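Below is one structure, written out as structure tokens; comments come after it.
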Amino acid sequence: MNRSHRRQPLKTVDRVQFREMCARFAAAEIGPRWRIADRDKKFPREFYVAAARAGLIGITAPESVGGSELGSYEEAIALEEMSKVNPNLAVSILVQNIAGSILYDYGSPEQQDIAREMIAGNLMVAITITEPEAGNDIQNVSTQARRDGDDWVIDGLKSFITLAGECDVLVTLAQTDKSRGRHGMQFFAVDRNSPGVSCSQIETYVNRPAPTYRVQFDNVRVPARRRLDAGFKEIMTGFNRERIMVAARWLGHMQSALDWARGYATTRHQFGRPIGANQSIAFSLAQAHVDVEATRHLTYHAAERYDSEAPLKDVILDVSTAKLLATQAVVRVTQTALHVAGGWGLTEELPAMRLALDAMVAPVTVGSWEIQLRAIARELGLPCD
Ligand SMILES: Cc1cc2nc3c(=O)[nH]c(=O)nc-3n(C[C@H](O)[C@H](O)[C@H](O)COP(=O)(O)OP(=O)(O)OC[C@H]3O[C@@H](n4cnc5c(N)ncnc54)[C@H](O)[C@@H]3O)c2cc1C
């Protein structure tokens, strides 16, 4: 694959039917599971197997590894529909799809076998980039991989690695040649059970059904054939697709929040009439509708552009614009839902606080608000550092 480009869809589906299938899947497989997973902060592995059976892992992957060869448009549909039910079980699929693409787009036949097993639902992977001192600044990754005979030996500490404790393979970014800066980094497909790998869960208020971990690499020996021919540049390409999935994730979530708040505003009575009869409440929900629809249009526009023949550099503006709006709008819409719910919104008897809390991770991951603003400013030709 051309490294400055990206995989394009080879197949198409009836998108209405595909959306209906995703919605049915989400109702059947996420609906009954997410509350327990959220309470226990424990990922239900059987959900992952069900997603694989439904063909929702590797939507854009090549047929040679069991993928569906569809576009990021379809990937966005799947993320949106799943996230309407719960954005955190949905994110587990997002993680597989992005870590998996590093394996099948840049991997050797053996590494592609890992992707094939992942898409079949037999093993899970985690994307292992962030470090305590390298959050948005990925160029600052300091985990080291040094060559020793037929192996590489990895040392370092990663943080915020979603599903690290549940996965089988950590797709891990490490420095192989410090003198080359960001060009001296490569990914390794590290078996999580390798001696020297240890994971400890980070307690969070968000993403609880898909827990996140610190991962310590202590003298971890990885066979040389597990080094991937991909590093900083390739993950930056991948982030564009991931940002579309992220936007779709928050689109689904904000749609749910709006639907719920609209229902509440219609049925909750104060002063002898529905609270939604007050302009202040009705207008806040009308404004939320504008946020949802604007996000929908920008997200699917970005997906269409990403799936097109346009050079990747011409698509970045669309992707970052959609991602920024989605991550801003989901905070606004869920705060509106929380406000509409009044005091009952602060109880566990209504979903409003859960919806608002889950949205709090939106401004942070896969390039924060500021990082998207910087990307947009640069695309506008501003001399922004
Ligand atoms: C629940 C969760 C799951 C995650 N899952 C994964 C995962 O699976 N794999 C993985 O590798 N990572 C994962 N991450 C990491 C996530 O992508 C990082 O948290 C993110 O990159 C932010 O890093 P940080 O928290 O260190 O923030 P920092 O980079 O320290 O940023 C702190 C603040 O400073 C701002 N800032 C930083 N640099 C600039 C700048 N140049 N200009 C303006 N403002 C700036 C940021 O916008 C932010 O507001 C996850 C994080 C969370 C919270």
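The values are calculated or read from the model by the stated rules, or taken from the named source; none is laboratory data. Here the structure is a predicted model, which means the values were calculated and not measured. Positions of Cβ are generated from backbone atoms using ideal geometry, with glycine treated the same way; all protein chains shown enter the neighbour counts. Side chains included, ligands, DNA and RNA excluded: accessible areas come from the protein's heavy atoms. Shrake-Rupley method; radii C 1.70, N 1.55, O 1.52, S 1.80 Å.
How many residues are in a helix (DSSP H, G or I), polar (S, T, N, Q) and open to solvent by 40 Å² or more (accessible area, probe 1.4 Å) when one looks only at the stretch 276-301?
Adding up the residues that qualify gives 3.
For the stretch 212-231, what are the residues that are in a helix (DSSP H, G or I) and surrounded by fewer than 20 Cβ atoms within 10 Å (Cβ to Cβ)?
Filtering the stretch 212-231 down to residues in a helix (DSSP H, G or I) leaves 224-226.
Within the stretch 212-231, Ala224, Arg225 qualify.
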Residue set Gly238, Gly231; condition at pLDDT below 95, under 17 Å from Ser101 (Cβ atoms) and of a type in the set (Gly, Ala, Ser); output residue Gly238
Before we move on, is Gln328 away from the ligand (no atom under 16 Å from the Cβ) and open to solvent by 20 Å² or more (accessible area, probe 1.4 Å)? no
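Looking only at the stretch 44-84, count how many residues are of a type in the set (Val, Ile, Thr) and out of contact with any Phe, Trp or Tyr (no Cβ under 7 Å at 6 or more places or on another chain). Don't jump to the end; show me each part of the working.
As a first pass, look at the stretch 44-84 and keep what is of a type in the set (Val, Ile, Thr): 49, 57, 59-60, 65, 77.
From the residues that got through so far, the ones that are out of contact with any Phe, Trp or Tyr (no Cβ under 7 Å at 6 or more places or on another chain) too are 49, 57, 59-60.
Matching residues across the stretch 44-84 total 4.
Go through the stretch 308-325 residue by residue and tally those that are within 18 Å of the chain's Cα centre (by Cα) and open to solvent by less than 40 Å² (accessible area, probe 1.4 Å). It would help to see each step written out before you state the result.
At the first step, the residues of the stretch 308-325 found to be within 18 Å of the chain's Cα centre (by Cα) are 316, 318-325.
Keeping just the survivors that are open to solvent by less than 40 Å² (accessible area, probe 1.4 Å) gives 318-320, 322-325.
The total comes to 7.
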Give, as residue ranges, the helices (runs of 4 or more DSSP H) completely inside the stretch 25-122 that count at least 2 residues that are farther than 25 Å from Asp318 by Cα and among the hydrophobic types (A, V, I, L, M, F, W, C). 34-40, 45-53, 87-106, 109-119
Could you look through the stretch 350-385, keep only residues that are assigned to a loop (DSSP other than H, G, I, E, B) and over 29 Å from Asn86 (Cβ atoms), and pick out the one that is farthest from the ligand (Cβ to nearest atom)? Gly381
List the number of the failed condition for Val333; all other conditions in (1) open to solvent by 40 Å² or more (accessible area, probe 1.4 Å); (2) more than 16 Å from the ligand (Cβ to nearest atom) hold. (1)
Which condition from (1) open to solvent by 10 Å² or more (accessible area, probe 1.4 Å); (2) not in a strand (DSSP E or B) is the one that Ile235 breaks? (1)
Scan of the stretch 179-203 for residues that are surrounded by fewer than 15 Cβ atoms within 10 Å (Cβ to Cβ), within 15 Å of the ligand (Cβ to nearest atom) and without any contact (Cβ under 8 Å) to a residue 40 or more places away in the chain, ordered by number: Ser200
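Being among the acidic types (Asp, Glu) and at pLDDT below 95 narrows it down to one of Glu110, Glu133, so name that one. Can you show your working first?
Values: Glu133 fails: at pLDDT below 95.
Answer to the check: Glu110.
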What number of residues within the stretch 251-275 satisfy the criterion of being without any contact (Cβ under 8 Å) to a residue 60 or more places away in the chain, open to solvent by less than 50 Å² (accessible area, probe 1.4 Å) and among the small types (Gly, Ala, Ser)? 1
Could you tell me whether Thr130 is of a type outside the set (Asp, Glu), under 30 Å from Lys11 (Cβ atoms), within 15 Å of the ligand (Cβ to nearest atom) and open to solvent by 10 Å² or more (accessible area, probe 1.4 Å)? no
Here are some conditions: (1) over 23 Å from Ser108 (Cα atoms); (2) open to solvent by 30 Å² or more (accessible area, probe 1.4 Å). Val206 meets all but one. Which one does it not meet? (2)
Name the single residue that is farthest from the ligand (Cβ to nearest atom) among those in the stretch 141-177 being assigned to a loop (DSSP other than H, G, I, E, B) and touching a Gly at 6+ places or on another chain (Cβ under 7 Å). Asp177
